[in-house]
Amino acid sequence: MFTTKYCRTLVCFWFYATLSRGSGFQHSTVLDPHGKYHLKWSFNRETISFEVEVETTGYVGFGLSPNGAMASSDIVIGGVVDGTPYLQDYHADSNRKVHLDELQSYRLESGWENSTHTRLGFSRDLLTCDTKDKDITESTVRVIWAYHSDDVGPSGPVYHGLNRGRKSLRLLTPAATHTSTTGSQFFDLKNRQVAVPSRDTTYWCQMFRIPETPSKHHITQVQPMIQPGHENLVHHILLYQCDSNLSEEELEHGHECYHPNMPDSFNTCQAIFFAWAIGGEGFTYPPHVGLSIGTATDPVYVLMETHYDNPGLLSGLQDSSGLRFYHSATLREFDAGVLETGMWVSLYHMLPPGMEDYTSQGHCTNQCLQEALGEEMPGGVRVFAVLMHAHLAGRAITTRHFRDNQELPPLSHDAEFDFNFQEFQLLEEETPVLPTDSLITECKYNTAGRRNVTWGGLSTREEMCLSYLLYYPRVNLSRCESLPLIMGQLNFIGVRDIQPTWPFLVKSPKRYSNMTVTAALETFRWTRRRGQAFNQLVLQLPINIRCSKLGMENWGIQGSVVTPPEVHSLASPPSTPCSTATPPQGRAVLHSTLLLISLVLLHLAL
């Protein structure tokens, strides 16, 4: 407990004590694996306030990094010396050397210290107009942290050693409506000591039966149950609704997904019921929406697909991770649905090597939405959360929204996508999607370090471009996606004709004769200029439509070929112009200079 009895001076420095009493904060997390570094934060449209509580009596460091490393980071360092809190705004150059900022953008709000812990409250503007600071936006940010047993001395902070780390967060995520789970019913769907193979990518499928309820219930919250130590092994978990007429025998054994010997019953599991991805925490549904179970149209059997990412090829791993579902007989107004949109997952979603900026666009066309929503929900549906999904080459994802040939604000956007941090993003405001609307999931990739073509597929070394939309009311639509025509892509490298069946051997021209399509594309001499020309072509090619119902059936538009609407690749949103007036920063510099002088004098006196 923090009290003023630990202060050596009569008055502990303090501006806004309520910030450090835990009230008023919208979010909190633990940054380190040992529970020694706690972070709370809250924000409005202009500013953000932080509170850190760390198990140290020395200095505390907190920063925002472009990539999770120290280089080019925006850093703040503070602590408490003899009851007097201090805080300094720093930045690290490209060589990781730390420099005191000329403009002090962080404001010290409060500070306490006891015999074991230090707690600091501080704030800053979201956009500081200081080139040494990192703007805070709705995108993912790599938070870096550090601490030391000694406070900052006259020569600056000493090296923190191993007391450091990073964690990806979305600092401006709207606060969820927290629903207490005390006394709630729940059930777990967990793997049963799956022997994870010593290869980089494994998809494991296990069938479950949803526990019976005496009447309709609503799932109100879902929590991941990741086996301790496997936080980096379990990359994502998808839950699919299956045919309701399966045999109980199907529940006995799991099997590797997408394998030739996979049970046929697994192929009946097509409609996505829930999705969780690495880095994500639990998800709480809005108070007027729930995931329905217990009725004739709800899942009886579900298939849990777990993606294991094992790049170190570790052997002897066994995993029992899964999901916990809290549910209630107190029904909410609407049933939630999940819609997968974006690029149809296929080998022929291909990315040339050596590209620093390559763009893919997956279309959810108005033809599909018109057929599916027009029949069941002509007034449209309302989207309340989005999970954007790509793999290792992904750098940015945007779920774009169009109506009447006009682009609306995006449903979601992440300019700093992190493969290791993917979770449902609650929208600040629910967004209606009408039958006449269309959506584009746009993904930007970087393949500059790769020598071979990157193919679309399930492995994390392959690529995807997807947006999972949580919406209500639920309709009979599970996937709304597209794929550019394969022959249009092959024409770029000179292929004129291929055999119509797998493995799609090239028939002409002779230089590719009897090669597989993939071999021909790998043989082609890719350059950056050719990659850019290929990208421009692919974005304009006709597309195949995927428009799937909740079961095994498809809507009539499925398989149709249409010309995509002419849209430009989304440019980075313009930065908010900064005022040239800097009196606040000037006052902060004066305050920080005086504070630094006082610290020097204090250390000299000691």
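The values are calculated or read from the model by the stated rules, or taken from the named source; none is laboratory data. None of these values were measured; they are calculated from a predicted model. Cβ sites come from the backbone with ideal geometry, for glycine too, and all protein chains shown count toward neighbours. The protein model used for the area step is the full one, side chains on, heavy atoms only, and it has no ligands, DNA or RNA in it. Shrake-Rupley method; radii C 1.70, N 1.55, O 1.52, S 1.80 Å.
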Quick check: anything in the stretch 351-362 open to solvent by 20 Å² or more (accessible area, probe 1.4 Å) and touching an Asp or Glu at 6+ places or on another chain (Cβ under 9 Å)? no
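A quick yes/no check of all residues on (1) open to solvent by 50 Å² or more (accessible area, probe 1.4 Å); (2) hydrophobic (A, V, I, L, M, F, W, C):
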site: Thr441; (1), (2): no, no
site: Arg451; (1), (2): yes, no
site: Asn476; (1), (2): no, no
site: Leu483; (1), (2): no, yes
site: Ile498; (1), (2): no, yes
site: Arg511; (1), (2): yes, no
With respect to the numbered conditions (1) among the hydrophobic types (A, V, I, L, M, F, W, C); (2) open to solvent by 10 Å² or more (accessible area, probe 1.4 Å); (3) at pLDDT 95 or above, which one is the sole condition not fulfilled by Phe504? (3)
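Only one of Thr213, Thr220 is more than 30 Å from Gly79 (Cα to Cα), open to solvent by less than 20 Å² (accessible area, probe 1.4 Å) and among the polar types (S, T, N, Q). Can you tell me which?
On the way: Thr213 fails: open to solvent by less than 20 Å² (accessible area, probe 1.4 Å).
From the options Thr213, Thr220, the qualifying one is Thr220.
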Residue hits (the stretch 144-156; surrounded by fewer than 21 Cβ atoms within 10 Å (Cβ to Cβ) and assigned to a strand (DSSP E or B)) are Gly153, Gly156
Failed item, numbered, when Cys269 is tested on (1) under 17 Å from Asp298 (Cα atoms); (2) exposed (fewer than 14 other Cβ atoms within 10 Å of the Cβ): (2)
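With the structure loaded, tell me whether Asp82 is touching a helix residue (DSSP H, G or I) at 6+ places or on another chain (Cβ under 9 Å), at pLDDT below 95 and open to solvent by 20 Å² or more (accessible area, probe 1.4 Å) or whether it fails that test.
Details: touching a helix residue (DSSP H, G or I) at 6+ places or on another chain (Cβ under 9 Å): yes; at pLDDT below 95: yes; open to solvent by 20 Å² or more (accessible area, probe 1.4 Å): yes.
Judged against the criteria, Asp82 is a match.
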Between a residue in the stretch 105-131 that is closer than 15 Å to Leu39 by Cβ and open to solvent by less than 10 Å² (accessible area, probe 1.4 Å) and any residue that is part of a loop (DSSP other than H, G, I, E, B) and of a type in the set (Val, Ile, Thr), which pairs come within a Cβ distance under 6 Å, given they are 6 or more apart or on different chains? Thr118/Thr56
Inside the stretch 439-454, can you point out the residues that are over 13 Å from His389 (Cβ atoms), hydrophobic (A, V, I, L, M, F, W, C) and in a strand (DSSP E or B)? Leu439, Ile440
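With Thr431, Thr365, Thr441, Thr398 as the choices, which residue is in contact with an Asp or Glu (Cβ under 8 Å, 6 or more places away or on another chain) and not small (Gly, Ala, Ser)?
Numbers: Thr431 fails: in contact with an Asp or Glu (Cβ under 8 Å, 6 or more places away or on another chain); Thr365 fails: in contact with an Asp or Glu (Cβ under 8 Å, 6 or more places away or on another chain); Thr441 fails: in contact with an Asp or Glu (Cβ under 8 Å, 6 or more places away or on another chain).
Answer to the check: Thr398.
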Number of the condition not met by Asp135 [criteria: (1) at pLDDT 90 or above; (2) within 22 Å of the chain's Cα centre (by Cα); (3) open to solvent by less than 60 Å² (accessible area, probe 1.4 Å); (4) not β-branched (Val, Ile, Thr)]: (3)
Which one of these is surrounded by 18 or more Cβ atoms within 10 Å (Cβ to Cβ), aliphatic (A, V, I, L, M) and either in contact (Cβ under 8 Å) with a residue 24 or more places away in the chain or in contact with a Leu (Cβ under 8 Å, 6 or more places away or on another chain) (or both): Leu458, Leu550, Leu537? Leu550
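Would you please name the residue that is surrounded by the most Cβ atoms within 10 Å (Cβ to Cβ), looking only at residues in the stretch 328-350 that are within 25 Å of the chain's Cα centre (by Cα) and in a strand (DSSP E or B)? Even if it seems obvious, please write down each step before you answer.
Within the stretch 328-350, the first condition is being within 25 Å of the chain's Cα centre (by Cα), and the residues that meet it are 335-350.
Cutting the leftovers down to in a strand (DSSP E or B) gives us 335, 337-343.
Numbers: Asp335: 19, Gly337: 24, Val338: 25, Leu339: 27, Glu340: 26, Thr341: 27, Gly342: 31, Met343: 26.
My answer is Gly342.
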